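Got a structure for you, questions after.
The values are calculated or read from the model by the stated rules, or taken from the named source; none is laboratory data. Since the model is a prediction, treat every value here as computed from it, not as a measurement. Ideal geometry is used to build each Cβ from the backbone, glycine not excepted, and the neighbour counts take in all protein chains shown.
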Amino acid sequence: MADQAFISSTQVVPNLNRVPRHIVIIMDGNGRWARKRFLPRMAGHTRGVEVVRGTIRAAIERGVEYLTLFAFSSENWRRPAEEVSFLMQLFIKSLQKEVTRLHENGIRFRVIGDRSRFEPVLVRAIEAAEKLTAGNDRLHLTVAANYGGRWDVISAVNRVLARQPGLTTIDEEAINAELSMNFAPEPDLFIRTGGEQRISNFLLWQLAYAEFFFTDTLWPDFDGKVLDQAIVSYHERERRFGRTSEQLVVGAGGEAERHA
Ligand code: IPE
Ligand code: IPE
Ligand code: MG
């Protein structure tokens, strides 16, 4: 499971594994979970972090290589200041508490998103966790925090331009190389809990050919069973990447496009 660069689904047809190599999750529904129990929203967020731990374990057991979790969007700053502050503190505390365990389990941890608005203590905790786990590759765990899909693409374009001033056109490869997930294959499976069926500015570019799975399960109730439902649903999909069904014969053209 060596580190591998972004593989573009629009430029080459990827080889597919039975288990999705890269799963991304929008962890939604914490507030509603709490409200159903007459608890403050914060109780839902606290419970949500505990569910992350179980999800990481379940993903490793199933042989997933990359797990990417949307924790805080670039639009979540619009929430009440009290909730934003609670979420930031929860992130700091969880990082400090879990980093050793992540490392012991061979997990490589990364954060994607704009860190410039984070408190220095959070930035330091993220950097320390990334550094500690930099040599691991049992699971690539990425947390998207203050992340926005549009921010990601714009930042990538700006980096390309900064590197080569005077450029008049930009190609896909140049952008791929500068995206915040340039270390990972494109997501195979996108899961959103909480019943909403939208992307909410998550990995807009990278989701070009991902399979989508929406569940009404609220994030604090998510578990291995729901993950398996998503994977079973994924198995039932025919990933054509623009081709016809008839072209998807195993071995044709040297490519095994169906799930082996
Ligand atoms: C997801 O749960 C967590 C974050 C966005 C931080 P929500 O807080 O969005 O929960 P709902 O959607 O209000 O139930
Ligand atoms: C998306 O959830 C962001 C995260 C889960 C971090 P939201 O609850 O913020 O999304 P919207 O506002 O319902 O689209
Ligand atoms: Mg929500």
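Report, by residue number, each residue of the range 59-93 that is of a type in the set (Gly, Ala, Ser), away from ligand 3 (no atom under 16 Å from the Cβ) and buried (at least 19 other Cβ atoms within 10 Å of the Cβ). Explain how you work it out, then say what you get.
Our first condition is that a residue be of a type in the set (Gly, Ala, Ser); within the range 59-93, this holds for 59, 63, 71, 73-74, 81, 85.
From what's left, away from ligand 3 (no atom under 16 Å from the Cβ): 59, 63, 81, 85.
Answer for the range 59-93, where residues must be of a type in the set (Gly, Ala, Ser), away from ligand 3 (no atom under 16 Å from the Cβ) and buried (at least 19 other Cβ atoms within 10 Å of the Cβ): just Ala59.
Can we say Val64 is aliphatic (A, V, I, L, M) and either in contact with a Cys (Cβ under 9 Å, 6 or more places away or on another chain) or without any contact (Cβ under 8 Å) to a residue 60 or more places away in the chain (or both)? If you could, list the steps in order and put the result at the bottom.
Working: aliphatic (A, V, I, L, M): yes; either in contact with a Cys (Cβ under 9 Å, 6 or more places away or on another chain) or without any contact (Cβ under 8 Å) to a residue 60 or more places away in the chain (or both): no.
So Val64 fails the test.
Then there is this: Can you name every residue in the range 181-197 that is away from ligand 2 (no atom under 16 Å from the Cβ), assigned to a loop (DSSP other than H, G, I, E, B) and under 14 Å from Ala210 (Cα atoms)?
Ala184, Pro185, Glu186, Asp188
Quick check on the range 1-12. Is at least one of its residues surrounded by fewer than 17 Cβ atoms within 10 Å (Cβ to Cβ), β-branched (Val, Ile, Thr), touching a residue at least 40 places away in the same chain (Cβ under 8 Å) and more than 16 Å from ligand 2 (Cβ to nearest atom)? Break it down stepwise before answering.
Pass one, the range 1-12, residues surrounded by fewer than 17 Cβ atoms within 10 Å (Cβ to Cβ): 1-5, 7, 10-12.
Those still in the list that are β-branched (Val, Ile, Thr) too: 7, 10, 12.
Checking the rest, the ones that are also touching a residue at least 40 places away in the same chain (Cβ under 8 Å) come to 7, 10.
From what's left, more than 16 Å from ligand 2 (Cβ to nearest atom): 7, 10.
Yes, because at least one residue in the range 1-12 is surrounded by fewer than 17 Cβ atoms within 10 Å (Cβ to Cβ), β-branched (Val, Ile, Thr), touching a residue at least 40 places away in the same chain (Cβ under 8 Å) and more than 16 Å from ligand 2 (Cβ to nearest atom).
Looking for something in contact (Cβ under 8 Å) with a residue 40 or more places away in the chain and in contact with a strand residue (DSSP E or B) (Cβ under 9 Å, 6 or more places away or on another chain) - is there at least one such residue anywhere in the range 118-136? Explain how you work it out, then say what you get.
Narrowing the range 118-136 to residues in contact (Cβ under 8 Å) with a residue 40 or more places away in the chain: none.
For the range 118-136, residues in contact (Cβ under 8 Å) with a residue 40 or more places away in the chain and in contact with a strand residue (DSSP E or B) (Cβ under 9 Å, 6 or more places away or on another chain): absent.
Could you check, for the range 69-84, whether at least one of its residues is among the charged types (D, E, K, R), at pLDDT 95 or above and touching a Phe, Trp or Tyr at 6+ places or on another chain (Cβ under 8 Å)?
Filtering the range 69-84 down to residues among the charged types (D, E, K, R) leaves 75, 78-79, 82-83.
Imposing the further condition that a residue be at pLDDT 95 or above reduces the set to 75, 78-79, 82-83.
If we keep only those that are touching a Phe, Trp or Tyr at 6+ places or on another chain (Cβ under 8 Å) as well, we get none.
Checking the range 69-84: not a single residue is among the charged types (D, E, K, R), at pLDDT 95 or above and touching a Phe, Trp or Tyr at 6+ places or on another chain (Cβ under 8 Å).
With the structure loaded, tell me whether Arg101 is over 21 Å from Thr193 (Cβ atoms), at pLDDT 95 or above, away from ligand 1 (no atom under 16 Å from the Cβ) and buried (at least 19 other Cβ atoms within 10 Å of the Cβ) or whether it fails that test.
On the way: over 21 Å from Thr193 (Cβ atoms): yes; at pLDDT 95 or above: yes; away from ligand 1 (no atom under 16 Å from the Cβ): yes; buried (at least 19 other Cβ atoms within 10 Å of the Cβ): no.
No, not satisfied.
Can you tell me which residues in the range 131-154 are under 18 Å from the mean Cα position of the chain (by Cα) and either of a type in the set (Asp, Glu) or assigned to a helix (DSSP H, G or I) (or both)?
Asp137, Gly149, Arg150, Trp151, Asp152, Val153
Out of everything in the range 227-260 that is closer than 18 Å to Tyr209 by Cβ and modelled with pLDDT of 95 or more, what residue ends up being surrounded by the fewest Cβ atoms within 10 Å (Cβ to Cβ)?
Among residues in the range 227-260 that are closer than 18 Å to Tyr209 by Cβ and modelled with pLDDT of 95 or more, the one surrounded by the fewest Cβ atoms within 10 Å (Cβ to Cβ) is Ser233.
Could you list all residues from the range 169-228 that are of a type in the set (Asp, Glu) and either under 22 Å from Asn76 (Cα atoms) or within 12 Å of ligand 1 (Cβ to nearest atom) (or both)?
If the condition is that a residue be of a type in the set (Asp, Glu) and either under 22 Å from Asn76 (Cα atoms) or within 12 Å of ligand 1 (Cβ to nearest atom) (or both), then Glu196, Asp216, Asp221 are the ones that fit.
Kindly indicate whether any position in the range 205-212 is of a type in the set (Ser, Thr, Tyr), away from ligand 2 (no atom under 14 Å from the Cβ) and in contact with a Ser or Thr (Cβ under 9 Å, 6 or more places away or on another chain).
yes
Hey, another quick one. Please find, among Val12, Val49, the residue that is touching a Leu at 6+ places or on another chain (Cβ under 8 Å) and among the aliphatic types (A, V, I, L, M).
Numbers: Val12 fails: touching a Leu at 6+ places or on another chain (Cβ under 8 Å).
When all the criteria are applied, what remains is Val49.
Please pick out the residue among Asn76, Asn17 that is out of contact with any Leu (no Cβ under 6 Å at 6 or more places or on another chain), on the phi < 0 side of the Ramachandran plot and within 10 Å of ligand 1 (Cβ to nearest atom). Lay out the reasoning, then the answer.
Values: Asn17 fails: within 10 Å of ligand 1 (Cβ to nearest atom).
Residue meeting the stated conditions: Asn76.
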